[in-house]
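Enquirer: Here it is, the structure in full.
Only the coordinates and a few stated rules stand behind these numbers; no lab work does. Small disclaimer: the values here were computed from a predicted structure and weren't measured. FYI the Cβ positions are ideal-geometry reconstructions off the backbone, even for glycines, and counts take in every protein chain you see.
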Amino acid sequence: MPRTILLVDDSLSIRSILKVYLLPLKLELLDAEDGLRACQLLRLVPVDLIIADVKMEPMDGLTLLEKVRTSERDEIRRVPVILLTGETGEGLRERGLQAGANAFIHKPIDPKHLLDCVQGLLSGSDTNPKPIPE
């Protein structure tokens, strides 16, 4: 049974790019245009990993991450989360780590880094939060 990843980004083009990059892993991919829709999907469908943009309206990726980590349902709280960002800076990294992000990936997205990160988190061998790569 394929693993399920929830892609959350307000940009349809970014969600489409992520789907293309993740094709080699033969995963089931769900997508949501913002954190609110992602929360709705998480209540209905079990997922193995979330990849979410930081900047979205009406609910951004950090707020989504906080909702995941404080969920009443254990299977949701344990889902690894990768945050996507076009921003740099320690402030964002620190907020993400405090909220429980497992990894950060900068836009433009490096496909190899994305695949390595996803494979590591899905295998359970890479569960520690990662700094934003320079």
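Enquirer: Find the residue count for segment 50-61, including only residues that are closer than 15 Å to F104 by Cα and surrounded by fewer than 20 Cβ atoms within 10 Å (Cβ to Cβ).
Expert: Residues that pass the stated criteria total 2.
Enquirer: Separate question: So which strands (runs of 3 or more DSSP E) are wholly in segment 11-126 and hold at least 1 residues that are among the small types (G, A, S) and touching a residue at least 12 places away in the same chain (Cβ under 8 Å)?
Expert: Because the criterion is at least 1 residues that are among the small types (G, A, S) and touching a residue at least 12 places away in the same chain (Cβ under 8 Å), the strands (runs of 3 or more DSSP E) in segment 11-126 that meet it are 28-32, 49-53, 103-106.
Enquirer: Okay, next question. Which one of these does I14 not meet: (1) in contact with a Ser or Thr (Cβ under 8 Å, 6 or more places away or on another chain); (2) over 21 Å from G124 (Cα atoms); (3) of a type outside the set (S, T, Y)?
Expert: Exception for I14: condition (1).
Enquirer: Moving on. Quick check: anything in segment 29-52 out of contact with any Asp or Glu (no Cβ under 9 Å at 6 or more places or on another chain), under 22 Å from G120 (Cβ atoms) and among the basic types (K, R)?
Expert: Taking every residue of segment 29-52 in turn, none turns out to be out of contact with any Asp or Glu (no Cβ under 9 Å at 6 or more places or on another chain), under 22 Å from G120 (Cβ atoms) and among the basic types (K, R).
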